[in-house]
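No value in this document is a laboratory result; all are computed from the given coordinates. Please read these numbers as outputs of a predicted model, since none were measured by experiment. Cβ sites come from the backbone with ideal geometry, for glycine too, and all protein chains shown count toward neighbours.
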Amino acid sequence: MTEQDILNLISEDKWMMNILRIAEKLDLPDWVIGAGFVRNKVWDYLHGYNKPQVDTADIDLVYYNLNGNDQKEDEKLSEKLKKETGFEWEVVNEAYAHRWNNLPPYKSTEDALFQWPETVTAIGVKLENEELKLVAPYGIDDLANLIVRPSPKFTDINKFKERVRQKRWLEKWPKLKIALWVKLISNRDVMGRRDKKCLVR
C-alpha cells in the first residue's frame, strides 16, 4: 500500500469526502483531520470490512494558528459542527495544545503530530481545491503493515498499552500487531490473553 493508495481510498469514500469539504469551508490554517479518521479507514480496508462510514469515536480536526481560537472557542466550534452534522467533532488549535503535555510550543500542525501517541495515529489528511494531501510525519509503513507502536516521542508505555485495551483495537481489527521500539510487549500484557500477535522492533 502506497500513500496514493490511501488517498484513493479516501477519495472514493463519500462520507469522508463530505467531512473533509465541511472542514475545508472553515478556512482554518494548516489543518488536517487525523487519528482514527485515516487510521481506521485503512485498517478497515486491510481487514476486508465494508462500512458506511469510518469507525471512529469523533472527528479530530486540528489546525495551527498562533492568533486563533483558544480552547473554549474550539469547544464551541466542535459543538456547532456536531449539531450541523450529527457527528462528534474535536477541533483543536495546536498552538495551545502543547500545554496539555507540558511540552514546548509546537511550531506547526505537523510538529504537533510528532507528539501523538502512535505512529499510525499521527497521520492526517486535508482537502484543498478538491486535492487531497496526506500528512504523515512517521510515514505510512506501520499503517500499511497493520503495526501499532508508540511514536518515538511518546514514552509512557503503560499509557500506550491502556489505550490499546480501552479502544479495543485488537478485537475490532484482529490482524493488528502490537510493537515497541526496543522491547516486546507480551500478549498477556496487552490484552490479558495470549491470542494476539506482538513484535519486537
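Key figures
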| item | result |
| --- | --- |
| Protection proxy ranking of 40-49, 121-130 - average other beta-carbon atoms within 10 Å, highest first | 121-130, 40-49 |
| Phi to ³J(HN,Hα) by Karplus 6.51 cos²θ - 1.76 cosθ + 1.60 over segment 114-124, Hz, x for Gly, Pro | 4, 8, 5, x, 10, 4, 7, 7, 7, 9, x |
| FRET efficiency for Asn67 and Arg21, using Cβ-Cβ distance with R0 set to 22 Å, rounded to 0.05 | 0.30 |
| Helix-only CD estimate at 222 nm, as mean residue ellipticity for the chain, using -39500 (n - 2.57) per DSSP H run (n ≥ 4) | -10500 deg cm²/dmol |
| On Cα atoms only, tilt of 71-85 relative to the major axis of the chain in degrees | 90 degrees |
| Relative frequency of Cα-Cα separations exceeding 30 Å in the chain, percent | 20 percent |
| Total lysine pairs whose alpha carbons fall under 28 Å of each other in segment 101-169 (8 or more apart, or interchain) | 11 |
| For Ala179, distant residues with modelled amide H under 5 Å away | Val148, Arg149, Leu199 |
| Karplus-derived 3J(HN,Hα), 6.51/-1.76/1.60, for each residue of segment 2-18, Hz, glycine and proline x | 10, 4, 5, 4, 5, 4, 5, 4, 5, 5, 8, 9, 4, 5, 5, 5, 5 |
| Percent RCO, i.e. relative contact order, over segment 3-143, from Cα pairs under 8 Å lying at least 6 residues apart | 27 percent |
| Rounded to 5, percent antiparallel among DSSP beta bridges of segment 1-143 | 65 percent |
| Long-range HN-HN contacts of Asn65 with modeled amide H, under 5 Å | Glu94, Ala95 |
| Residues Lys51, Lys82 arranged by fewest to most Cβ contacts within 10 Å | Lys51, Lys82 |
| In sequence order, calculated HN-Hα J values of segment 33-41 (Karplus, 6.51, -1.76, 1.60; Hz; x Gly/Pro) | 9, x, 6, x, 4, 8, 3, 5, 4 |
| Given charges at beta-carbon only (K, R positive; D, E negative), |dipole| of the chain in Debye | 1280 debye |
